There are 2 protein chains.
Amino acid sequence: MLRGTNLPRLGDYNQAVILDLIRRDPGTSRADLQRSSGLASQTVSNIARRLLDAGMIRESEPTEVVRGRPSIPLTVNADGAFSVGVHVDPALLTLVLVDVAGQVRHRQQLRMPQTASPHELTSLIAVSTGRLIREFGVDREKVLGLGIAVPGPLDVQTGVVLRPPQLPTWRDVHLRADLHDATGMPVLLDKDVTAAATAELRTSASSDFLFVYLGSGVGAAVVIGGQVLRGDSNNIGEIGDILVDPAAEDLGWGGRRGGLAAACVPEALVIQAAQAGLLPLPDLHDYLALDDACTTLSELAANGDATASQLLERAARRVAVGIGVLVNFLDVPRVVLGGPTWKRLSGAFLPVLEDAVRAELIVPRDSLAVVGSTLSEQIAAQGAAELVMDHFLAPHASVLLME
Amino acid sequence: MLRGTNLPRLGDYNQAVILDLIRRDPGTSRADLQRSSGLASQTVSNIARRLLDAGMIRESEPTEVVRGRPSIPLTVNADGAFSVGVHVDPALLTLVLVDVAGQVRHRQQLRMPQTASPHELTSLIAVSTGRLIREFGVDREKVLGLGIAVPGPLDVQTGVVLRPPQLPTWRDVHLRADLHDATGMPVLLDKDVTAAATAELRTSASSDFLFVYLGSGVGAAVVIGGQVLRGDSNNIGEIGDILVDPAAEDLGWGGRRGGLAAACVPEALVIQAAQAGLLPLPDLHDYLALDDACTTLSELAANGDATASQLLERAARRVAVGIGVLVNFLDVPRVVLGGPTWKRLSGAFLPVLEDAVRAELIVPRDSLAVVGSTLSEQIAAQGAAELVMDHFLAPHASVLLME
């Protein structure tokens, strides 16, 4: 399964349970593990010994003494295994190298070549992945695999990117197989919003939330009871067509008039800004130009331009209507926003968003939290790397893999 | 727990597992049970013996011979236990007596007294429950409890009906405690849509679907992997405010203009019908008059009135936009419609609904099914009774109970 690595046999279910517990709760002791796993004391000790011998975990100095015996904290050995996460956004290509403790150890961000074919992009990802691993200097055998987060819709079962509206030249691209051929690594493909929510779940104290993803497009993911919902065809979260403003202006674009995408994606915001005379209209097929124009718009608002501020506040109120639809429907206690575009919009959005969402609620809920993710623009890449870790190291594999 | 019944101790977890398996798969054998429960052969035999002795299950004639030994089908003894389900809809009060095999054995439907206070309604439910049990002639000790399905929002933890828009005189009514006092029975309170989805799940082959409830109001429930989602505060499914037609007419009512409720609840349809000159406008505070007018409207359409038909077809197309929002968001393979108003609308809705929903999908899905529930108007009452059965007989209790 791991093609020549010297890691212990990871197929062992109990071992996966123990490693997963240590990974999620660093500093846990053998006694803690026994309680939370339900395994016998001797079994836990044997597995811990095997994981120590294999260099997957390490012991720290005892911090307390329990009934005369020191309680030795166990943590994963961060350098024991790695995975690479890649996020394909129409404007940005982001690569991260994540260690088994969940830390991003190395990263690379490229502006997406706008004219690249899927084949050229596959080569670019393969070359960039190789460079990322070489630059950091990690033994390639320690890299479990490559996770790719892409805009939907996908066929996750076959690893095919179907017809993403934001990658108009992509039609049924066998990205998982192509990247496996180009890198020789196990490759996992998932939706950008699902990957981002996975990263948010790993780093947040909350296990029930709606994740709203703002990138070149807008999407959502749902986490209930610590599980990331995936949907029947792994295409959960297509929210761009939700009507949020019946009186919205006509943008003369491909999206639904008055819809959530028309309210907040960079293309729509830039068209609105150009209509308001804030900036010249860029080439709408050039996601880099759109992304730059979106940055300009948010800087105008941050620097006090009243028209730009009003435009973004209106956007926030429209987004709140859409979030209200989702919270009313699913009765979630927490909404987290993130993704490549979020940081630029958060300054204008956060002051109005929570109250505006609450005003939409049919069942009043004082405790509803609407917050920004603490993870940066690399959130989807980080989540893609986490999904690879989960596939190899967690007791339940959640997604299919080409290997 | 069961106040003097002679049922075997139901707290036993393994026994609950076995009884639940027999309840859900009538005709299963001891060998089947052993495989599906993972329990030892002797344990399964002992539990089956206890359940037989207690009259909770019975054996049928052997239908096949496996390795020389006859395989004896086990089914629950339908008369072994019962529960009562009540559905409080603003227009109709529905009571059903359900047996442990899930069959509705007796029922009663009353038009809701429109001027009754919550206290008077509590008395009416208590009296009607007593009559239902007496009329059918079942020993009251065999009735496990009373399940009540009401319009949200609720506080399920405390058993309080908060401020349902369709029961305007109800404010923080402690319905669970009041009904427990009035009947002496264990009482369980749940949302109408959640109860309806529970009944649909029990009687359908599908374990993943969106349930759209049409009664005096409109709501939704979500079933994923055979689990009915409940939401963080048990108030999942408030979908009435979803915008479905930016150009919708002004109804001059309390609901959101252009919203899903304005598209399809009886009050909104009747206002539209009156605006179109199809019928005189009834008293909008009288849910019985609204319900009757809704029946008149659907009969006009069924009898070929073009204006009535167009009005209902427009309603169906608007409902399809709302369902499209939910399917795009959650990526569900199947949509089931039901509830007290559904049967009257289905004739006009079904011919257009599925294609209209598919036209809304961002990720095309040829296999999406949009169907009507095969359960009749008593679906929510039946589900409320099932929730009581689950509470007492399933290995995991899902909701809190006053007893």
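Tell me, A:ARG202, A:ARG140, B:ARG230 in order of fewest to most beta-carbon neighbours within 10 Å? Write down the numbers at each step before the final one.
Working: A:ARG202 17, A:ARG140 13, B:ARG230 20.
Fewest-to-most ranking of A:ARG202, A:ARG140, B:ARG230: A:ARG140, A:ARG202, B:ARG230.
Quick one: plug the Kirkwood hydrodynamic radius of segment A:205-372 (C-alpha pairs) into Stokes-Einstein at 20 °C, 1.002 mPa s, and report D in µm²/s. Present the calculation step by step, with values, prior to reporting the outcome.
Working: Rh = 16.2 Å.
So the translational diffusion coefficient is about 132 µm²/s.
How charged is the neighbourhood of B:GLU135? Take every other residue with its Cβ under 14 Å from the Cβ of B:GLU135, and add Lys/Arg as +1 and Asp/Glu as -1. Mind showing how you got there, number by number?
Values: positive: B:ARG105, B:ARG107, B:ARG131, B:ARG134, B:ARG140; negative: B:ASP139.
Residues near B:GLU135 contribute +4 overall.
Could you give the angle, 0 to 90 degrees to the nearest 10, between helix A:266-275's Cα long axis and the longest principal axis of the Cα atoms of chain A?
20 degrees
Given N residues in segment A:159-288, what is Rg(Cα) / (2.2 N^0.38 Å)?
Scaled against compact globular proteins, the figure is 1.23.
Is the C-alpha gyration tensor of segment A:125-217 telling us rounded, prolate or oblate? Criteria: a/c under 1.5 is rounded; beyond that, a/b larger than b/c is prolate, otherwise oblate.
Details: a/c = 2.03, a/b = 1.14, b/c = 1.78.
Because a/c hits 1.5 or more and a/b fails to exceed b/c, segment A:125-217 counts as oblate.
Would you calculate the convex hull of the Cα atoms in segment A:242-299 and tell me its volume per residue in Å³?
Working: hull volume 4.4 nm³, N = 58.
Convex hull of Cα atoms, per residue: 75 Å³.
Residue farthest toward the positive end of the dipole of segment B:13-76, with Cβ of Lys/Arg at +1 and Asp/Glu at -1: which of B:ALA54, B:GLY38, B:PRO26?
B:GLY38
Counting other beta carbons within 10 Å of each residue's own, what order do B:GLU200, B:GLU238 fall into, fewest first? Working shown, then result.
Numbers: B:GLU200 24, B:GLU238 28.
In order of increasing Cβ crowding within 10 Å: B:GLU200, B:GLU238.
For segment A:279-355 and segment B:325-369, what is the separation of their C-alpha centers, rounded to whole Å?
Comparing the Cα centres of segment A:279-355 and segment B:325-369, I get a distance of 31 Å.
Which of B:VAL104, B:MET185, B:HIS174 sits closest to the plus end of the dipole of segment B:83-190, meaning its Cα is farthest towards the positive end, when Lys and Arg get +1 and Asp and Glu get -1 on the C-beta?
Among B:VAL104, B:MET185, B:HIS174, the one farthest towards the positive end of the dipole of segment B:83-190 is B:VAL104.
Tell me the net charge near B:VAL193. Cut-off is 13 Å between Cβ atoms, B:VAL193 excluded, with +1 for each Lys or Arg and -1 for each Asp or Glu.
Values: positive: B:LYS191, B:ARG230; negative: A:ASP331, B:ASP89, B:ASP190, B:ASP192, B:GLU200, B:GLU238.
Net charge around B:VAL193: -4.
Sort segment B:305-403 into rounded, prolate or oblate with this rule: let a ≥ b ≥ c be the square roots of the eigenvalues of the Cα gyration tensor; rounded if a/c is under 1.5, and if a/c is not under 1.5, prolate when a/b is larger than b/c, oblate otherwise.
Values: a/c = 3.17, a/b = 1.65, b/c = 1.92.
It comes out oblate by the Cα gyration axes.
What angle, in degrees between 0 and 90 and rounded to the nearest 10, separates the Cα long axis of helix A:118-136 from the longest principal axis of the Cα atoms of chain A?
Helix A:118-136 sits at roughly 50 degrees to that axis.
Starting at 0 and stepping by 5 Å, how many percent of the alpha carbon pairs of segment A:72-136 end up in each bin?
4, 17, 26, 20, 13, 9, 6, 3, 2, 1, 0, 0
Using the 7 Å Cα-to-Cβ label point, sort the distances from A:ARG163 to its equivalents in the other copies shortest first and give them in nm to one decimal.
Those separations, rounded to one decimal, come out as 4.7 nm.
Between B:PRO113 and the same site in the other copies, what are the distances in nm, shortest first, taking label points 7 Å from Cα along the C-beta direction?
For B:PRO113, the inter-copy label distances come out at 8.0 nm.
For B:GLU249 and B:ALA78, FRET efficiency with R0 = 51 Å and r from the beta-carbon atoms, rounded to 0.05?
Working: r = 51 Å, r/R0 = 1.00.
The formula returns an efficiency of 0.50 here.
Give the whole-number value, in cubic angstrom per residue, of the convex hull volume spanned by the C-alpha atoms of chain A. List each step's numbers first, then the result.
Values: hull volume 62.1 nm³, N = 403.
Output value, Cα hull per residue: 154 Å³.
Against the empirical 2.2 N^0.38 Å scaling, what ratio does the C-alpha Rg of the protein assembly as shown come to?
Working: Rg = 29.0 Å, N = 806, 2.2 N^0.38 = 28.0 Å.
That works out to 1.04 for the protein assembly as shown.
7 Å along Cα→Cβ for the label point: how many nanometres lie between A:THR374 and each equivalent label in the other copies, listed shortest first?
5.2
Within the set of other residues whose C-beta is less than 12 Å from the C-beta of A:GLN166, count the net charge using Lys and Arg as +1 and Asp and Glu as -1. Don't skip to the answer; put the middle values down first.
Numbers: positive: A:ARG163; negative: A:ASP89, A:ASP192, A:GLU267, A:ASP291.
Taking every Cβ under 12 Å from that of A:GLN166, the sum is -3.
Order by neighbour count: A:LYS142, A:LYS343, fewest other Cβ atoms within 10 Å first, most last. Walk me through the intermediate numbers first.
Values: A:LYS142 19, A:LYS343 15.
With the sparsest Cβ surroundings first, the list reads A:LYS343, A:LYS142.
Calculate the FRET efficiency for A:SER376 and A:GLU59 from the Cβ-Cβ distance with a Förster distance of 30 Å, rounded to the nearest 0.05. Before the final figure, lay out the partial values.
Details: r = 32 Å, r/R0 = 1.08.
The value I calculate is 0.40.
For the pair B:GLU299/B:THR169, report the inter-label distance in nm, with labels modelled 7 Å from Cα in the Cβ direction.
Inter-label distance under the simple model: 2.8 nm.
Read-outs: derived from the displayed coordinates by stated rules, not from any lab. Since the model is a prediction, treat every value here as computed from it, not as a measurement. Because the Cβ atoms are built from the backbone with ideal geometry, glycine has one as well, and the counts that use them run over all protein chains shown.
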